[in-house]
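Have a look at the structure below before the remarks.
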Amino acid sequence: MARLLVVGGAGFIGSHTCISLLNLNHKIIVYDNFSNSSPRALERAKNLSNIKNITADIFSLKKGDIRDEIYLNSVFEEYISKKEPIEAVIHFAGLKSVQESFIKPNHYWDVNVNGTINLIKAMQKHNCKVMVFSSSATIYGYPDKVPIPELATINPLNPYGNTKATIENFLSDIAGCSNTKLIKATSNNGWKIARLRYFNPVGAHQSGLIGEDPKGMPNNLFPYINQVAIGKIKSLQIFGDNWPTHDGTGVRDYIHVMDLAEGHCAALENLFLEKPQLLTLNLGTGKGTSVIQVLKAFEKITDKKIPYEIVSRRNGDSAIAIADVTMAKKIINWKPKKGLEDMCRDSWRWQISNPSGY
Ligand code: NAD
Ligand code: WQD
């Protein structure tokens, strides 16, 4: 059991991870500015854990921006004065839209990079040296090898990916492991940092009470298909059917968000138990699924015909992105349990119970 600061904890992945962290008896402070989330997600997440009678000591919320140095420091200080200092930070906060990052690169660098520098400074100041960071498979760009191992070339293709790769480098410098070529590198300055590279997180909590709630038109496949299935959008546009894949449509490694949540718990546990280190892991399933396969799985789950049209390829897309997950299994003993049907069923349950999101 530890006192944790979960920054960006109200978002899609953060809210699901809060449930898993609470189930492990951790005490959580969520720090979020709600720029892309709702406090409702947290109220619901709290009720979905196995812990009865959750008090403010076990689960509390601070509304703030990670770039707000004064407020961020005051949160660390509050818990030091309560004699229960924050022991670790799970860092989800950031902006994540590839498309938007081309339009607002300044904003992406400010929130993602400056925000993380600010957070690390606050941690350093209050002697909190354990962090689990949300990185992304987007930093691999067009992968030179599939399944993609952690030591593959880092070559982001968009401003969002550039910010993630830059933060990864920054964290490596902070841990005293600059330019390491190791998946698990020793930190000689006491830091314990995990850089988790998520592939394609999808699905929702099996209750259907929390899930992904994109604002405006969704960019990603799962929320888009859901909105077609529920009748909000007329048809799915499939970005190319001439990729070098088994059916010509793009292949991705979709991972259920609750499996991802468990992956965070496993990584955190590992950091707590092990010596100071910089750990870099892919979190995916190691399995590839094409757009057509996702569409068919959705049709089966929803019992609806999902209209689609083939359009030209989307800029910056690659044919295949699948994680090599050998190291996650080996180092943190984590393996996803849920399959494509669970991902479709759970995201659909969330969609039909919350057609307008939170
Ligand atoms: P999300 O947008 O749902 O969650 C991010 C949370 O951070 C939101 O609650 C938002 O309000 C908060 N936030 C944003 N800027 C903030 C700021 N300046 N101060 C405080 N809070 C702020 O996104 P998500 O899908 O849950 O992703 C979480 C993390 O995982 C992000 O860093 C994202 O880049 C990374 N990631 C996501 C995916 C994905 O497909 N969802 C894939 C790989 C990596
Ligand atoms: C999946 C497949 C599309 C929408 C993105 C980010 C990545 C990471 C995860 C944050 C591709 C196809 C999609 C549609 C389609 N996020 N598609 N029609 O691009 O693999 O990854 O989310 O870190 O950075 O780039 O996910 O869901 O957008 O696309 O045909 O309307 O579905 O071409 O093959 P992607 P996605």
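Read the figures in this text as sums done on the coordinates, not as results from a lab. Keep in mind that this is a model prediction, so the values were computed, not measured. FYI the Cβ positions are ideal-geometry reconstructions off the backbone, even for glycines, and counts take in every protein chain you see.
Largest first and in whole Å, the equivalent-ellipsoid semi-axes of the chain read 32, 24, 18, each the square root of five times a Cα gyration tensor eigenvalue. Remark: segment 30-35, residue by residue, has Karplus-estimated 3J(HN,Hα) of 8, 10, 8, 9, 6, 5 Hz, where x stands for each Gly or Pro and the curve is 6.51 cos²θ - 1.76 cosθ + 1.60 at θ = phi - 60°.
Projecting the Cα atoms of Ala267, Asn33, His107 onto the charge dipole of the chain, computed from C-beta unit charges around the Cα centre, puts Ala267 farthest toward the positive end.
Pop the C-beta distance of Ser353 and Glu269 into the FRET formula with R0 = 51 Å and round what comes out to the nearest 0.05. Provide the component values of the computation, followed by the final result.
Values: r = 32 Å, r/R0 = 0.63.
That gives a FRET efficiency of 0.95.
The mean of 1/r over all distinct Cα pairs in segment 204-358, once inverted, gives the Kirkwood hydrodynamic radius of 16.9 Å. Restricting attention to the chain, close to 10% of DSSP beta bridges with both partner residues there are antiparallel.
Rounded to the nearest 20, the Cβ-based charge dipole of the chain about its Cα centre (Lys and Arg +1, Asp and Glu -1) stands at 360 debye. Computed on the Cα atoms alone, the convex hull of segment 1-74 gives a volume of 77 cubic angstrom per residue. Taking the average, over residues, of other Cβ atoms within 10 Å as the packing measure, peptides 246-252, 47-53, 105-111, 137-143 rank 137-143, 246-252, 105-111, 47-53 from highest down. What the Cβ-Cβ distance of Phe170 and Lys296 gives, at R0 = 35 Å and to the nearest 0.05, is a FRET efficiency of 0.25.
Based on the Kirkwood approach, the hydrodynamic radius assigned to segment 121-271 is 18.0 Å, with every pair of different Cα atoms included.
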